[in-house]
Amino acid sequence: MVGNHDAGRSLCVLGAGNGNDLDLAALCQRYDRITLVDLDHEALKHLIESQKADSLSRQIEIVGGVDLSGILEEQRESSPGGDLSLERWIERARNPAKPEPLSQYSVVASTCLLTQLIDSVAIGEVQTSSSPTETGSHGKPVSKTGLAERCLAIRDGHLRLLGELVAPGGVIVLITDFVSSDTLPELFDVDERDLGRLCSSAINGGNFFTGANPLVLAHSFKTRSGAETFEVRLAPPWRWQMGNRAFAVTAITTRRNL
Ligand SMILES: C[S@@+](CC[C@H](N)C(=O)[O-])C[C@H]1O[C@@H](n2cnc3c(N)ncnc32)[C@H](O)[C@@H]1O
């Protein structure tokens, strides 16, 4: 599915990072303009170097040092006084400003960024609280205070941002990991043919990262992305081995109305 609006054949990749999951040469065959966005500017530079994409530089723009949660700066400024109330935090996280250099694109892809945002911004923030702690879905000790609300606010804000970045008639591809071998060790050796069944049963049993339930994400696009969408598709899950952990990953694809 490729959008056909005056955004041309443009692609914006959020959380492009080191681009282990991107083939820039192939993407340049398909898109006239590619914008790679990440908090980590060095990772984007490394991506260009490692894929020898210098020759493609007229097509590729890198936008590094951009916080896509929209809340990191305010969160930093509020420390150590911690004067950013939970209500204000949630309000800000639900409504991230569209980063200045970004426009609208015929395709916007979020590449395993959502759980990073939730993990580093929502869970990381709550960890600084003095409330009792427990182990979160990413294996870190986290406080319970406001945790679920923060995670869901980041999720809703990310969907809203995707809706704002996609041009009318364009396509959103939200690729996200949703459970890991920490809580689903069968991910290491399940037969590929049984992966869908394993993941369905994990989701039905509530075993997924807070804010990354694929069924809820797919449903949310219809109601919360900030732009009307239709034709939501959920790809069968695939396995992503990262160090000594395995993740189940899916892609949710939707097209914005003209
Ligand atoms: C799991 S990686 C994505 C994988 C990436 N496509 C790759 O192959 O390297 C998540 C990316 O999200 C970026 N990230 C984390 N927090 C961010 C934030 N607040 N704003 C923008 N990017 C962020 C990280 O720098 C990292 O590159």
Item to check | Exposure proxy ranking, count of Cβ atoms within 10 Å, fewest first, for Tyr105, Tyr31 | outcome: Tyr31, Tyr105
Checklist entry - For labels at His41 and Phe230 in the simple 7 Å Cα→Cβ model, what's the distance in nm? => result 4.3 nm
Checklist entry - Got a sec? Which residues in segment 101-117 would a label at Glu61 touch, if it sits 7 Å along Cα→Cβ and we count backbone N under 11 Å? => result 101-105
Item to check | Förster radius 35 Å - calculated FRET efficiency between Ala148 and Arg30, Cβ distance, rounded to 0.05 | outcome: 0.35
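None of the figures in this text is laboratory data; all of them are computed from the coordinates on show. Predicted model, so just to flag it, every value in this text is computed and none were measured. No Cβ is skipped: glycine too gets one built from the backbone with ideal geometry, and neighbour counts run over all protein chains shown.
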